[in-house]
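None of the figures in this text is laboratory data; all of them are computed from the coordinates on show. Computed from a predicted structure; not experimentally measured. Cβ atoms come from the backbone with ideal geometry, glycine included; neighbour counts cover every protein chain shown.
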Amino acid sequence: MTRSARRTRRTLQVAAAGAAALLALSACSSSGDSSSEKKSDSSDGASASDKVSGSVTVFAAASLKESFTKLGHAFEKEHPGTKVTFSFGGSDALAASITGGAPADVFAAASPKTMKIVTDEGDASGKPATFVRNQLEIATLPGNPDKISSLKSLTKSGLKVVLCDKTVPCGAAAQKALDTSKLKLTPVSYEQDVKSALNKVQLKEADAAVVYKTDVKAAGDKVQGVEFPESTKAINDYPIVSLKDAPNAAAAKAFIRLVQSAEGQKVLGDAGFLKP
Amino acid sequence: MTSVDKAGAAETLERAPRRGRVRKGAPLPLLLPALIGLAFLLVPLVALLVRAPWRSLPDLLTSTEVWQALQLSLVCATAATAVSLVVGVPLAWLLARVEFPGRGLVRALVTLPLVLPPVVGGVALLMALGRNGVVGQWLDSWFGITLPFTTTGVIVAEAFVAMPFLVISVEGTLRAADPRYEEAATTLGASRFTAFRRVTLPLIAPGIAAGAVLAWARALGEFGATITFAGNFPGRTQTMPLAVYLALQNDPDAAIALSLVLLAVSIAVLAGLRDRWMTAS
Amino acid sequence: MTHTEKMRHRATATPGSEGLDARLVVQRGSFRLDVALTAAPGDVVALLGPNGAGKTTALRALAGLTPLTGGHLRLDGTELDRMPPESRPVGVVFQDYLLFPHLSALDNVAFGLRCHGAPKAEARAQAAEWLDHMGLADHAGSKPRRLSGGQAQRVALARALATRPRLLLLDEPLAALDARTRLEVRARLRRHLAEFEAVAVLVTHDPLDAMVLADHLVVIEDGRVVQEGAPPDIARHPRTDYIAHLVGLNLYRGEAEGHTVRVDRGPEVTTTEELTGPVFVAFPPSAVTLYRDRPTGSSARNLWHCEVTGLETNGDQVRADLTGPLRLAADLTTVAATELELHPGATVWAAVKAAQTHAYPA
């Protein structure tokens, strides 16, 4: 057992060394030929003075998956020799692993509340900045067969509605929207995260779910979105911050700049996020 | 001469177990990994006890939500075990006692839920028994029955995940049991079913009990298939594991408290059953 | 097979209706069992044969646990071949009894009665009577694992008899017992079988059990009947080496001419009977006298020079296996064996008096 563990570790070391060598090589070659041209392309002038390289690890809320993956590719293109690694998940779980000592550079949460877990522990470097906001929307079956038009129409009896659990941001937001409009809604289920709630509608097990606009957009034509005015009363802010123990602080700052740049905001806006 | 040989053999036979009894110490190459294994299993549980919010525990445990979840868990796990017994024991009998083509394949399929991630099991159940499922759409249109988001759905999800444990355990016991007892019963005028009910079933009762306990324990801890198939609604489909998971999101102390309750209940039940049934064999 | 035996046996059966009339054919791989059995009510038939001869297969075929591939099976005029085991009026005592371990002795005996539709109380009352009859009233509540071998055997017998079968089958009924209890159980079993009014068939590899318990012996070797008849006749007139060995006889086949039998590929044996044609000639090992030197004054006509190939001590008896012109077994006392300095490889003279040989037509 110990012998095999040792062997595994050695293999990992060898692999890591190899990867490092490759990275170094590619960094050298890129700086050797057309790097200056690329850098002038960059919209952000500050990055020229701040040489960014190596790998950067980003912990981001699950709802950011599509847009952040896109931005990651853009970042690697912009800063040759860098490698962006993502860990997408529930904001709560991510926050817990960061306070538990996970080696991350950037944390992008789906709610200020989950971000507060990290800042309270003193794990953030600087103040978190809100980079997007997300608004709730009703996801219905394609073609909206139940003629759902408002939050109130969800309370119709016989309708199977799923909400996120109150412990996760989308559930808290939905509850806030219901409370402000003094509506009482009994769902068939409080799902553990927004994707599970959406999934129940995609599988046609539920007739409607209250989810984020971005989720409706990502689901394509499998669900139909219905906007409702009360959603403006429960808009979620998405904060982002670089972390105190970031192994690659320079790259972390560069990534946050990209997210906040016009290019980054365009990608996020296309996914359905609102400007901060 | 032969008699001397026999006596010698008898002596060595007699001596063998005695020698084993004298040398009590377990060999180190076995003892060490055994202790590591034990520690590996126990340390997390001990840690749970160490970090438990003992002071706020009474408040956490007297909330109706906790009792609701606990009650639901016990009811559903027991019902799922009952379902597994009713269909699982005959299935085990079929696999152990009846020769039919493709028996090996069927046995492999029966054990599939053991390796299937429970969440995938839940999705598979939705595909089969959901409102739009292969079977579920007929249940809905003919009988008006929909299983997702209902307590019955929880029982279905738990039975799906737990039944293989029972089937495997009972089948093993059946294979070890002497089929000639069934023959003896038939020569006394018992039909095959009577022979099974009055002879085989009592003979394999310890194996069935062991399988049922395993299945019950698995059902009690079921999370993935339940939340995927039956959703999460307090009092209806929110069992203890679901309550623990969701509590973990914003109140880890409550999650630990809930886990302790689940732990205590399952230890009490398993220990009780072990004393009463499983030592019978 | 002696014709007279068969006639006598048949005569006791009411032709065609009462009793057992079977020809059991079971083909399993290269093994083929083909055995004809007939018995009248009250008869006890023993199937005797070496291991693997097909005795147990025959028994299972009678019980319906192994399907027949041919032949027929009639009991009291009813065809049984297609009847499932639970419908046959057959009781079985299995070799290791197979008492249901979770039931008391009483409930084991009541089991069959319950299966035949008797109410619980009545079944138990009848079962209690059976146990009482077997002398086991005190053990009615005992679980099988608390019973001795002999007690378990009687419970098994009571269980099989309780349903009043028309055919009782016993598979090696005494094999699971030690030598001491065996004697006592055998005597008891004999009494119970004697009072049983229907057909009983028992399977055994022990000739003594067969001869004590049965009034008709069927010897099976390799799936076929090699000899059948009343036990004393078979003991006196064995027709195969296996039977001869079982009953402890030296047996040879040969050609008779008057008082002389020319053994196939062997010497001549002088007998008292006067016969011609193919015959068997037999004599017990105790009829053989051994000498170190050629006896001069002996009146024995049958005298052969032999070599000792093996010695086996049995109490104060020694059995010597000899080769020479004939292979034969000789019994002598340990004292005599010591005086003769018998050891494997020693040469001796073996004499048999004509009066102690027995010849009969083959």
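Just checking the listed ones, B:L38, B:L112, B:L174: in the Gaussian network model of chain B with Cα springs under 10 Å, the one fluctuating most is B:L38. Computed from phi, the 3J(HN,Hα) profile of the range B:256-270 under the Karplus parametrisation 6.51, -1.76, 1.60 (θ = phi - 60°) reads 5, 4, 4, 4, 4, 4, 4, 4, 4, 4, 5, 5, 4, 5, 5 Hz, with x in place of Gly and Pro. Between C:E195 and C:A362, the simple label model (points 7 Å from Cα in the Cβ direction) yields a spacing of 4.8 nm. Taking a quarter of the surface of the Cα convex hull of the range B:125-200 gives a mean projected area of 7.3 nm². Distance between the 7 Å Cα→Cβ label points at C:E257 and B:V135: 8.8 nm. Magnitude of the charge dipole for the range C:178-299, about its Cα centre and with charges confined to Cβ atoms of Lys, Arg (+1) and Asp, Glu (-1), is about 420 debye.
How large is the translational diffusion coefficient of the range B:91-175 in µm² per second when you combine the Kirkwood radius over alpha carbon pairs with Stokes-Einstein at 25 °C and 0.890 mPa s? Taking Rh from Cα pairs, D becomes 173 µm²/s.
Each residue of the range C:148-153 was assigned a 3J(HN,Hα) from its phi angle through the Karplus expression (A = 6.51, B = -1.76, C = 1.60, θ = phi - 60°), giving 6, x, x, 5, 4, 4 Hz with x at Gly and Pro. Ellipsoid fit via the Cα gyration tensor, chain C: semi-axes of 45, 25, 16 Å, each the root of five times an eigenvalue, largest first. Per the Debye formula on identical point scatterers at the alpha carbon atoms of the range A:130-215, with no solvent, log10 I(q)/I(0) at q = 0.14, 0.25 Å⁻¹ is -0.41, -1.36.
Just going by the charge dipole of the protein assembly as shown, with Lys and Arg at +1 and Asp and Glu at -1 on Cβ, which of A:S53, A:L141, C:T334 is farthest out on the positive end? Toward the positive end, the furthest listed residue is A:S53. Compared with the dominant principal axis of the Cα atoms in chain B, helix B:118-129 is inclined by about 70°. Quotient of the Cα radius of gyration of chain B and 2.2 N^0.38 Å, N being its number of residues: 1.29.
Could you state the angle between the C-alpha long axis of helix C:105-115 and the longest principal axis of the C-alpha atoms of chain C, as a value from 0 to 90 degrees rounded to the nearest 10? The helix C:105-115 is inclined about 70 degrees to chain C.
If you model the range A:121-276 as an ellipsoid using its alpha carbon gyration tensor, with each semi-axis the square root of five times an eigenvalue, the axes come out at 32, 16, 14 Å, biggest first. The local environment of C:L113, defined by Cβ-Cβ distances under 14 Å, has a net charge of +2 under the rule Lys, Arg +1 and Asp, Glu -1. Equivalent-ellipsoid semi-axes for the protein assembly as shown (Cα gyration tensor, √(5λ), whole Å, largest first): 88, 36, 25. The Cα atoms of the range B:58-119 give a gyration tensor whose axes a ≥ b ≥ c have a/c of 1.5 or more with a/b greater than b/c, which makes the shape prolate. Extension gain for B:F40-B:A271 works out to 81.1 nm (0.36 nm per residue, less the C-alpha to C-alpha distance). Fully extending the segment from C:D178 to C:D138, taken as 0.36 nm per residue of separation minus the present Cα-Cα distance, adds 12.1 nm. Over the protein assembly as shown, DSSP H runs of length four or greater, each weighted -39,500 (n - 2.57), average out per residue to a 222 nm ellipticity of -14500 deg cm²/dmol.
What is the sum of charges, Lys and Arg at +1 and Asp and Glu at -1, for the other residues whose Cβ falls under 15 Å from the Cβ of B:L174? My count for the surroundings of B:L174 gives +2. If you take all other residues with their beta carbon under 15 Å from the beta carbon of C:T334, and give Lys and Arg +1 and Asp and Glu -1, the sum is -4. With N counted as the residues of the range C:184-329, its alpha-carbon radius of gyration over 2.2 N^0.38 Å works out to 1.26.
Normalised by the number of residues in chain C, the mean separation of alpha-carbon contacts (under 8 Å, six or more apart) gives a relative contact order of 16 percent. Under a GNM of chain B (C-alpha, springs under 10 Å), which listed residue has the highest mean-square fluctuation: B:T111, B:T239, B:T81? Answer for the Gaussian network model of chain B: B:T111.
Only alpha carbons enter this Debye calculation for the range C:69-132, each as an equal point scatterer, and the log10 of I(q)/I(0) it gives at q = 0.27 Å⁻¹ is -1.15. Counted over the range A:79-194 with a bin width of 10 Å, the fraction of Cα pairs per bin, in whole percents, is 11, 35, 27, 18, 9, 1. For the pair the range C:261-338 and the range A:140-172, the centres of their Cα atoms are 106 angstrom apart. Three principal axis extents of the range A:115-170 based on alpha-carbon atoms, in descending order, are 49, 21, 18 Å.
At the listed q of 0.27, 0.28, 0.34 Å⁻¹, the Debye profile of the range C:184-229, built from one uniform point per Cα, gives log10 I(q)/I(0) equal to -1.07, -1.12, -1.37.
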